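J.: The structure that follows is given in the form of structure tokens.
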Amino acid sequence: MRLPFDNTYARLPEKFYAALPPSPVAAPSPVALNQALAARLGLDLDALQSAEGTAMFAGNLMPEGATPIAQAYAGHQFGGFVPQLGDGRAILLGELVAPDGARFDLTLKGAGRTPFSRGGDGRAWLGPVLREYVLSEAMAALGLPTTRALAAVTTGQNVFRDGFPRPGAVIARVAASHIRVGTFEYFAARGDEEALATLCQYTLSRHYPDGKTARDLLAAVTQAQAKLVAGWMSFGFIHGVMNTDNCALSGETIDYGPCAFLDEYHPKKVFSSIDVRGRYAYANQPQIALWNLAQLGSCLLPLMGKGDAAVEQAQAVLDDFAPIYQAEWLARMGRKIGLASATQDDLPLIESLLNRMATEVADFTRTFRGLSTGTAREEFTEPQTFDTWEPDWRARLEREPDPATVMAAANPVRIPRNHRVEEMIAAAVEGDFAPFHRLNAALAAPFTPDDSFADLEAAPSHDERVTRTFCGT
């Protein structure tokens, strides 16, 4: 099997990666193939759906043109710096060149041990693989930049997590690239300015070709991250593990470990079982994104000049984060309440609704969608709390030409509810993949009402509520 590879990252110096193939698995079996994404990439569907395709997605067969590598990177994890992380269970097969010339990494996650595995088995179990497949494709359907899921396969062998055997699986992930803030930190920690300069120019040429300098790179990534996180916030998404090694310079969402979407709204909400101090709580995400960007800025200082001048140059770029984020957040949240072009004067109206939602335990997605259907007040414990906000909102809408259309396009009917994701995983572990496929189908058109998926729109009951999500290691 031959794929349209042109592997520029593998042509960088060897210190950027470790070259090695995936580790074969016992008995690969297909779970899902993302046909729409495969078509976007110009791939042969018949070949991908064949036994050879399944073997390739499992790591048992290397396609012609692949140069498999595990990438090196470092990272701040919950604020603590780890000088060497790297791909401990992912193998980058190469860079696919789509028919329009766009370039995408193709990585197998769960493909076996690498020199960066740090004692781990390099494998993934079925639950996190299916979670990443569903969540990443749901994010794409919502219109947010994200890595994508091309395929998932089971391996026919168990992996052990928490002392229990679990079915093994591999996900084929597609990304604009896997260059992270942590990639720059890896070389900055080693004082390797030559590698930093090489990586800077490579990243610019791949993602921001109009840029020429380290300052240009920092500015482009700052803008991309500000807009990305504003998008997360507008849909109630909590990443859960915003470490610098999970901050992609492409501006895509990467790593769907302990992530979750809000049910009831609260700004301090945390789902991740490992985020015991709430560092990555919902409302903290903008400031954490800026913190991550500051680490990137520190890495780029040697390329930006000397002394205070370099620091001032980097700080000036980072100071742009807040206004970019606030403008994007205001535009998105304004559209959620029907305002095509919200201004600062509309900010109190938006914040007043959010404050009431937090106090009254209102469901985030259903409240905003309910504004256009007349059901928003039903999401409040005390509906009169909504009633006292509504008149000002109605008065503001009188100045809008088509608020219903604006709201319908900004507020999804369905999100990947945490309890539905957990139900889907539990069924798949027992060999039933029907809930997985149904959930993907429902989330592929999140803004379109569909009575056949009505059960997936409902908020969880008290007994169904998921309060903790877990990493997939």
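J.: Would you be so kind as to identify all helices of the chain, as entire DSSP H runs, whose Cα atoms reach 15 Å or more along the helix's own axis and whose mean Kyte-Doolittle hydropathy is at least -0.5?
T.: On the way: long enough: 126-142 (24 Å, 0.90); 193-207 (21 Å, -0.28); 214-235 (32 Å, 0.62); 285-300 (23 Å, 0.51); 307-318 (17 Å, 0.42); 321-336 (22 Å, -0.36); 347-359 (18 Å, 0.68); 418-429 (17 Å, 0.17).
Correct list, ordered by number: 126-142, 193-207, 214-235, 285-300, 307-318, 321-336, 347-359, 418-429.
J.: Could you tell me what percent of the accessible area of the range 354-473 is made up of carbon and sulfur, with a 1.4 Å probe and every protein chain present? Walk me through the intermediate numbers first.
T.: Values: 3060 of 5940 Å².
After summing per-atom areas, the C and S share lands at 52 percent.
J.: For the range 7-15, take each phi angle, set θ = phi - 60°, evaluate the Karplus expression 6.51 cos²θ - 1.76 cosθ + 1.60, and give the result in whole Hz per residue in order, putting x for glycine and proline.
T.: Listing the rounded values in order: 9, 5, 5, 5, 8, 6, x, 4, 5 Hz.
J.: Carbon and sulfur atoms: what percent of the 1.4 Å accessible area of the range 150-245 do they account for? Spell out each step's value before the answer.
T.: Values: 1450 of 2960 Å².
That fraction is 49 percent.
J.: Moving on. For the range 327-402, what is the charge dipole size about the Cα centre, in debye to the nearest 20, if Lys and Arg each add +1 at the Cβ and Asp and Glu each add -1 at the Cβ?
T.: On the way: 10 positive and 15 negative charges, 44 e Å.
For the range 327-402, the charge dipole is close to 220 debye.
J.: Under the classification rounded if a/c is under 1.5, otherwise prolate if a/b is larger than b/c and oblate if not, where does the range 54-126 fall, given a ≥ b ≥ c as square roots of the Cα gyration tensor eigenvalues?
T.: Numbers: a/c = 2.50, a/b = 1.48, b/c = 1.69.
In terms of gyration-tensor shape, oblate.
J.: Rounded to the nearest 500 deg cm²/dmol, what is the calculated helix-only ellipticity per residue at 222 nm for the chain, with -39500 (n - 2.57) per DSSP H run of length n ≥ 4? It would help to have the intermediate numbers written out before the result.
T.: Working: 18 runs with 194 residues, N = 473.
So the helix-based figure for the chain works out to -12500 deg cm²/dmol.
J.: Among ILE324, ASN34, TYR202, whose Cα lies farthest out toward the positive end of the dipole of the chain, if unit charges sit on the beta carbon of Lys, Arg (+1) and Asp, Glu (-1)?
T.: After comparing all options, I get TYR202.
J.: What whole-number value in Å² describes the accessible area per residue of the chain for a 1.4 Å probe? Intermediate results must be reported in sequence, preceding the final value.
T.: Working: 18660 Å² over 473 residues.
Computed with neighbouring chains in place, this is 39 Å² per residue.
J.: Hey, another quick one. State the Cα centre-to-centre distance between the range 1-53 and the range 306-327 in whole Å.
T.: If we compute the Cα centre of each part, the gap is 39 Å.
J.: Taking amide H positions as placed in the peptide plane 1.01 Å from N, state which residues far from TYR17 in sequence (5 or more) or on other chains have amide H under 5 Å from it.
T.: Counting only residues 5 or more places away or on other chains, the set is ALA72.
J.: Hey, if we sort TRP125, TRP389 by accessible area with the 1.4 Å probe, largest down, what's the order?
T.: Numbers: TRP125 40, TRP389 5 Å².
Result, largest first: TRP125, TRP389.
J.: Also, I was wondering about something else. How about the range 84-151: which trypsin sites (Lys or Arg not before Pro) there are in a DSSP loop, with at most 16 other Cβ atoms within 10 Å of their Cβ? All intermediate terms of the calculation are to be shown ahead of the outcome.
T.: Values: sites: ARG89, ARG103, LYS109, ARG113, ARG118, ARG123, ARG131, ARG148; in loops: ARG89, ARG113, ARG118, ARG123.
In loop regions of the range 84-151 (DSSP not H, G, I, E or B), the sparsely surrounded trypsin sites (Lys or Arg not before Pro) are ARG118.
J.: Let me ask another. Dipole size in debye (nearest 20) for the chain around its Cα centre, Lys and Arg Cβ +1, Asp and Glu Cβ -1?
T.: Working: 42 positive and 55 negative charges, 196 e Å.
That gives a dipole near 940 debye.
J.: State whether the range 110-242 is rounded, prolate or oblate according to the following rule on the C-alpha gyration tensor (a ≥ b ≥ c being the square roots of its eigenvalues): a/c under 1.5 gives rounded; otherwise a/b larger than b/c gives prolate, and the remaining case gives oblate.
T.: Since a/c reaches 1.5 but b/c is at least a/b, the shape of the range 110-242 is classed as oblate.
J.: Which aspartates and glutamates have a Cα lying under 14 Å from the Cα of LYS268, excluding residues fewer than 8 positions away in the same chain?
T.: In chain and number order, there are no partners.
J.: State whether the range 13-101 is rounded, prolate or oblate according to the following rule on the C-alpha gyration tensor (a ≥ b ≥ c being the square roots of its eigenvalues): a/c under 1.5 gives rounded; otherwise a/b larger than b/c gives prolate, and the remaining case gives oblate.
T.: Numbers: a/c = 2.02, a/b = 1.72, b/c = 1.17.
Since a/c reaches 1.5 and a/b is larger than b/c, the shape of the range 13-101 is classed as prolate.
J.: Of LYS15/LYS227; LYS109/LYS227; LYS227/LYS306; LYS109/LYS212; LYS212/LYS306, which pairs sit farther than 24 Å apart, going by alpha carbon to alpha carbon?
T.: On the way: LYS15/LYS227 32 Å; LYS109/LYS227 27 Å; LYS227/LYS306 30 Å; LYS109/LYS212 33 Å; LYS212/LYS306 18 Å.
Going by Cα-Cα distance, LYS15/LYS227; LYS109/LYS227; LYS227/LYS306; LYS109/LYS212 fall outside the 24 Å limit.
J.: Compute for the chain: radius of gyration divided by Kirkwood radius, i.e. Rg/Rh, restricted to C-alpha atoms, rounded to two decimals.
T.: On the way: Rg = 22.5 Å, Rh = 23.2 Å.
Dividing the radius of gyration by the Kirkwood radius yields 0.97.
The values are calculated or read from the model by the stated rules, or taken from the named source; none is laboratory data. All values reported here derive from a predicted model rather than from experimental measurement. In this analysis, Cβ positions are derived from the backbone assuming ideal geometry, glycine residues included, and neighbour counts consider all displayed protein chains. Surface accessibility is based on the protein's heavy atoms, side chains included, excluding ligands, DNA and RNA. Shrake-Rupley method; radii C 1.70, N 1.55, O 1.52, S 1.80 Å.
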